Structures are given as structure tokens and as C-alpha cells.
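The values are calculated or read from the model by the stated rules, or taken from the named source; none is laboratory data. Keep in mind it's a predicted model, so treat the numbers as computed, not measured. So basically every Cβ, Gly included, is an ideal-geometry build from the backbone, and we count neighbours across all protein chains shown. In case anyone asks, the SASA skips ligands and DNA or RNA and just uses the protein heavy atoms, side chains included. Shrake-Rupley method; radii C 1.70, N 1.55, O 1.52, S 1.80 Å.
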Amino acid sequence: MTSSELVLATGRTPAVRRRRRAEPDILTAAGARISASAARKLGEAVPKNSRDARATRWRSYSRWCAAYDWRETEPNAVLSYLSDLGDRGHPSKTLEAHFGTLRAMRAIGDTALSSAEIKACQLVIRHRAGEEADDPLLEPGPLQADAVDLGELRLMVRTLDRTTPRGKRDAATLLIDYWMAGRASEPARLNLHDVKITTVKIEDASGEKTAHPALIIKIRRSKADQQARGQEVRILAPADAELCPIHALREWLDLLADDGQLTPGPLLRRIDRHGNIGARAAGRHTKDPLRRGGITADTVTDIITAAARAAELTPTPTPEERAVAAQTKQEALAAADAAPTAEEANAILKGWRSGVRAARAAVRRITGHSFRRGCIQALLDAGNPPELVALHSRHSLRSAAFDAYRKKKIPWNQNPTLSLGLAA
């Protein structure tokens, strides 16, 4: 007998102690059993925004099935639902998003779409994209956030009162977010020890080394890093103190130190109307106890949009305009509800959505993504190699998202028609 062989002990086998869980096990849609802890982690592994979006899309699909007497698992139900979305005026990108969610959910529920259904759904989406391109009343393509350039960033920062706690925090938020080409969630999730102010030596063309202040930001995880491997962003301080993220960060850290809050925790913290900071601030805090007192991605977006409106880069809807928009929506929904056929109802909703989309396309849209787009375009326009810019923005060079940020317009001084000698 070798040492690796197992020998059964003589005598009675000891009884196995069965443990009860505080939370009962979960049955999946396919009938398999998993623990409640595993089920919770599977859910939380997907970002909350993605979970919420998927739940909203499935709920919309379920309501459509109930309204039109389809079973959720019935063949061609998803295909017919996507067609109806297009008939109601939803853009092709919305159809794509719903298709991706429903296809995945049906597969999880062991009622996967057939290859013929998948192909048919893709053709319906393509048909809707063609309708958008042919519509003379709409600008084709998705409504994207407009980029904010450095001049507009300066105007936005100047709207802040940087002598106040809120002004110092908002300036740090805006400038850190811009220079890191951040998604709104990334500065919101930074902890105090995720940022480091340092000095680096840069060698110039003559070989002489000059000291420059620099900022190193550790991003623990993000939309493109679901494995939480971590990414590092390096920023050299610009010469202009007004737009310098290091200068703004130092002012914010000095404020935290004076308030006795230079302690581990979120870097950017809540501030109530009385000037209380962090966990001491009044109001509803985040559900995550580790982030208590910190701001959220929604806060970052609110800071950006508020500064853009204060700088008059985007219009501020008047109460009258809001009231008219709300009334128009209610009238469209009521008319669609009273329509005798589904086709007439869809036509009413499509007309209303087309009007809303045209109105939104007619004005600038500065959102939480405008800083990311603006920084990437500014870095590319400055002549930086795309591979370095993509590394800074945490993109793959083959990423379709990064490709969309790049301007594909020929500069006027390099326009090939200039060589014909016919330009005025």
C-alpha cells in the first residue's frame, strides 16, 4: 500500500453534521440549485447600471407580451417586439440594446433564440437603421454627448466659487475627471489613497531633465476592467493653475485636513447645504457602507451639467418649457391609448418621439461623458499617437468606442480638392 491510498477506519462512521443556512438556496430558471450567496455575487458581478438597464428592458418586453397576448418564451416574440419598438420611433441603437438583453435572458432561461430568429432580429434592426437614415426630419445616428474643449472647461470652472467647500470639491471633480478622460463613475469611486501627487523629471530635446508636478491615479475597476485588475492614469500638471487638477486637488485635500477628514475613505465626498462634509452631511447616503459619505456617478454628472448651464454652454429649460414638454407627452400617450389599432397607436408615438429627438439634437448635449470625449479629442488633435491616447483613456486600439471618438474629417488645409485650384 502506498501512502496515497486511503484506508477506511474501522467502527461506526461518524454522523455528518448538516448545517442550515440563514438564507435558503435559490432555484435558477433552469431548475438548478445554487446558494443564495452565490446568486447574490453573480448578480453583483454585473455593474448596477447594467443590471438596472437589463431589468428595465425585460420589464418592457414582459408588458408588451402581456398586452399583445404573446408568451415571453414563444418563438418570434422577441422579433415582433423589436419590430414594434421601431414602429414606435425608437432608434436602431435602442433595438440593438433590447435585442442583446433579451437574447441573453432567453438563453439563461433555457429558451434560447434560434439561429433563424437571431438573423431575423438583426434584419429588423438593420431595417430600422435604414429608416432613420432616410428620414429627412431627423439627423441619422445616435444622439451622443458633445465634447467639451479646454476653453469650455475653463468657462465651466470659472462658474464655481472656489472659496467655498462645494466649489473646491466641484473644481477637483471637474478637473480630475477631464484630465483622466474619465467615465463619470471613475472619479466617484476614487479613494483617498488612490491618488498620489508626485514630481517626475522629464527630459527635453537637449537632454536636460526638468522637474514637473504629476498626478498618479489608481483606478481599481471600471466598465472596461470588470476583472478589477486595476489601471493607472498618469497626468502631468498643466502650466495653467486654473485648469490644473493637482492645484485643485491640493485645495480639496487641505479643506479635508482642516475639517479633520483626511482619513481613509472616498476622495470626493458629499457636501450638504450647511457645508457639512462626508458622513456628517445630511441627506441620503450611498447604500454601500464602504462608500458612506462619498459622491456617486450621478453626482459627477450633475456637477458637469450644472457647470455647463451656468457657463451658458447648454440651455436651461424654463418652467414653461418643461410644462409644455410634459403636457405634449401626456397628450401623445393618451392619444395612443385611445387609438383603435396598434398600428395607429405606434404611429402617434413615433411622431411624438421624432419631435423630441429633433428638439434634443438641435441643442448642445453636455453630459457626464462630454469630458471623456473632449479630453480624448484634445489629445488626438494635439498630435499624440492614437495608441498613447488609447492607453491613457483605457481603451483598446481596436475598440469601436475609441474609433468613434476620433474625428475623421480632413483638415481644410489638407483637403484634396484644394489641389484642383478651383477653391475660392
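For the reader, a short list of remarks on this structure follows.
- Condition check for Met156 on (1) in a helix (DSSP H, G or I); (2) closer than 30 Å to Glu242 by Cβ; (3) open to solvent by 20 Å² or more (accessible area, probe 1.4 Å): one failure, at (3).
Matching residues to (1) exposed (fewer than 11 other Cβ atoms within 10 Å of the Cβ); (2) more than 29 Å from Ala347 (Cβ to Cβ):
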site: Leu27; (1), (2): no, yes
site: Ala32; (1), (2): yes, yes
site: Ala77; (1), (2): no, no
site: Leu85; (1), (2): no, no
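- Members of segment 298-310 found to be of a type in the set (D, E, K, R) and either surrounded by 22 or more Cβ atoms within 10 Å (Cβ to Cβ) or in contact with a helix residue (DSSP H, G or I) (Cβ under 7 Å, 6 or more places away or on another chain) (or both), listed by number: none
- Filter pass, Val148 being within 24 Å of the chain's Cα centre (by Cα) and of a type outside the set (Lys, Arg): yes
- Ala335 among the small types (Gly, Ala, Ser) and either open to solvent by less than 50 Å² (accessible area, probe 1.4 Å) or not in a helix (DSSP H, G or I) (or both): yes
- Residue match in segment 192-200 (condition: surrounded by fewer than 13 Cβ atoms within 10 Å (Cβ to Cβ), farther than 16 Å from Leu249 by Cα and either touching a residue at least 24 places away in the same chain (Cβ under 8 Å) or within 25 Å of the chain's Cα centre (by Cα) (or both)): no
- Filter result for Glu117 (among the charged types (D, E, K, R), open to solvent by 30 Å² or more (accessible area, probe 1.4 Å), farther than 30 Å from His274 by Cβ and out of contact with any Ser or Thr (no Cβ under 7 Å at 6 or more places or on another chain)): no
- Among the residues of segment 385-403, those identified as free of Cβ contacts under 8 Å to residues at least 60 places away in the same chain and either assigned to a helix (DSSP H, G or I) or surrounded by 14 or more Cβ atoms within 10 Å (Cβ to Cβ) (or both) are Pro386, Glu387, Leu388, Val389, Ala390, Leu391, Ser399, Ala400, Ala401, Phe402, Asp403.
Table: residues versus (1) of a type in the set (A, V, I, L, M); (2) open to solvent by less than 80 Å² (accessible area, probe 1.4 Å).
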| position | (1), (2) |
| --- | --- |
| Val233 | yes, yes |
| Leu243 | yes, yes |
| Ala248 | yes, yes |
| Asp258 | no, no |
| Thr263 | no, yes |
| Gly293 | no, yes |
| Thr296 | no, yes |
| Glu312 | no, no |
| Pro317 | no, yes |
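- Flag for Arg273 being open to solvent by 60 Å² or more (accessible area, probe 1.4 Å) and either touching a Ser or Thr at 6+ places or on another chain (Cβ under 7 Å) or of a type outside the set (Val, Ile, Thr) (or both): yes
- Of all residues making up segment 313-366, the number that are touching a helix residue (DSSP H, G or I) at 6+ places or on another chain (Cβ under 7 Å) and within 29 Å of Thr159 (Cβ to Cβ): 4
- Restricting segment 20-54 to residues that are within 23 Å of the chain's Cα centre (by Cα) and among the acidic types (Asp, Glu), the residue that is modelled with the lowest pLDDT: Glu44
- Cross-chain or 6+ apart pairs with Cβ under 8 Å, segment 323-335 first and more than 9 Å from Leu349 (Cα to Cα), then open to solvent by less than 80 Å² (accessible area, probe 1.4 Å) and not in a helix (DSSP H, G or I): Ala325/Pro317
- Residue count for segment 169-191 satisfying the condition of being among the polar types (S, T, N, Q) and open to solvent by 30 Å² or more (accessible area, probe 1.4 Å): 1.
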